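Throughout, read-outs are computed from the coordinates displayed, never taken from laboratory work. What you are looking at is a predicted structure, and each value in this text was computed from that prediction instead of being measured. Methodologically, a virtual Cβ is constructed for each residue, glycine included, from the backbone with ideal geometry; neighbour enumeration extends over all protein chains shown.
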Amino acid sequence: MSTAGGVPHDDGRGESRAQRADRRWNELLQELRVAQTGTQILFGFLVAVVFQPRFAELGTTDRIIYVVTVCLGAATTGALVAPVAVHRLVAGRRLKPEAVSWAGRLTLVGVVLLYLTMVSTFLLIMRMVLDDGIALWLVVVMALWLALCWFMVPFIARRGGTNGNGNGRAEDGFGPWPR
């Protein structure tokens, strides 16, 4: 049993605070590898779109959607690469638990931005190939699906889990948000 902020915590692994930080960092890196790859491919697609001949045919609304989507894509890339910068700038200063906490927060912000980028990209594509009414309906369905998969399922899991401390909350300081 260890304490974090004066709150007893035992996750059943028998890890020290440093071991837990190392494990959480490695888990976060695995998550980031998936998210960064997808984000880089999506952002590359968005950059290439402007150089396509059909781009000149876009109306004002679609150009605005495109600009918003590219800005969201850039912000997403920034947020999902930021944990690397955090780690590099604090490496060797015995701040791994703090780095893991900040990197977790930035990753969660990146996932929210990726959600917005995906929905915006989907809107742009659907407006190019379908009538506005059908496109909007499909975008709403996709936005709800992504929200269910990316946010609701984890929130439901958090509510049902006990995380070894009986209340389902991360109390070791490594969760994405402070207690």
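Odds and ends about this structure:
- HN-Hα J in Hz across the stretch 44-52 - Karplus 6.51, -1.76, 1.60, θ = phi - 60°, x for Gly and Pro: x, 4, 5, 5, 5, 4, 5, 8, 7
- In order along the stretch 94-100, the phi-based Karplus estimate (6.51 cos²θ - 1.76 cosθ + 1.60, θ = phi - 60°) of 3J(HN,Hα) comes to 6, 10, 4, x, 5, 5, 5 Hz; Gly and Pro are listed as x.
- In plain terms, the bigger the Kirkwood radius, the slower the diffusion; for the stretch 39-148, with that radius from Cα pairs, at 10 °C and 1.306 mPa s, Stokes-Einstein puts D at 103 µm²/s.
- Shown here are the Rg and Dmax of the Cα trace of the stretch 93-145, at 17.1, 56 Å.
- Ranked by how many other beta carbons lie within 10 Å on average, peptides 74-81, 46-53 from highest: 74-81, 46-53
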